[in-house]
Amino acid sequence: MMVMMSVVIALLAANLMKENVVQVPAAAPDVSADKPTDDKKKEDAYLANQVKNTMVKNTSKIQPCFLKYLEPKPDKKEGLISVDWQIEPNGQVKSPEVVFRAFQNKKFEICLVDIFSNLTFPPHGEKLSNYVVHKFFFKEDKPGQASE
């Protein structure tokens, strides 16, 4: 019997947390968090739309990593994993890394990093890379249990 599983994408706050990867000059301007700049609004829209949509479309590529993890019947069968990476202006992924893990399994992490390394996001047209953190909640579905 094939093990059914689901990957529920758990997103923080506005569905996706991100920061810019920038070089800060010695006299950096003070930008108020209460009044986002037009560039900040554009970046937030990119992350909330193009990045989120790309992640949803590619969730099925992540499932085989979890199924492989479940094969030896580990004790821990659900939990959160957080992955961060940079999106270059052309949409290429740079430096994906697991930054939080509920599972202590190096092969599972390597599998996830390999998947992210091969993803491509829509170009964002900015000069700097966008930094993205995305959380995934993995859970094994038991026979007769409805997916959430």
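The values are calculated or read from the model by the stated rules, or taken from the named source; none is laboratory data. Quick caveat, the model's predicted, so the values are computed rather than measured. When we count neighbours, we look across all protein chains shown, and the Cβ atoms used for this are built from the backbone with ideal geometry, even at glycine. What goes into the accessible areas is simple: the full protein's heavy atoms, side chains included, and nothing from ligands, DNA or RNA. Shrake-Rupley method; radii C 1.70, N 1.55, O 1.52, S 1.80 Å.
Here are the numbers for the structure shown:
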quantity	calculated
Failed item in (1) crowded, with 16+ Cβ neighbours inside 10 Å; (2) under 16 Å from VAL83 (Cα atoms), with ILE110 passing the rest	(1)
Subset tally (residues that are assigned to a strand (DSSP E or B) and either open to solvent by 30 Å² or more (accessible area, probe 1.4 Å) or of a type outside the set (A, V, I, L, M) (or both)) for the stretch 70-107	15
Selection count where residues are within 18 Å of ASP114 (Cβ to Cβ) and touching an Asp or Glu at 6+ places or on another chain (Cβ under 6 Å), scope the stretch 72-83	0
Of all residues in the stretch 52-69 being hydrophobic (A, V, I, L, M, F, W, C) and modelled with pLDDT under 90, the one that is most open to solvent (accessible area, probe 1.4 Å)	VAL56
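Table: residues versus (1) on the phi < 0 side of the Ramachandran plot; (2) acidic (Asp, Glu); (3) in contact with a Ser or Thr (Cβ under 7 Å, 6 or more places away or on another chain); (4) touching a residue at least 40 places away in the same chain (Cβ under 8 Å).
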| residue | (1), (2), (3), (4) |
| --- | --- |
| THR54 | yes, no, no, yes |
| ASN58 | yes, no, no, yes |
| LYS61 | yes, no, no, yes |
| ASP75 | yes, yes, no, no |
| ILE81 | yes, no, no, yes |
| GLN92 | yes, no, yes, no |
| ASP114 | yes, yes, no, no |
| GLU126 | yes, yes, no, yes |
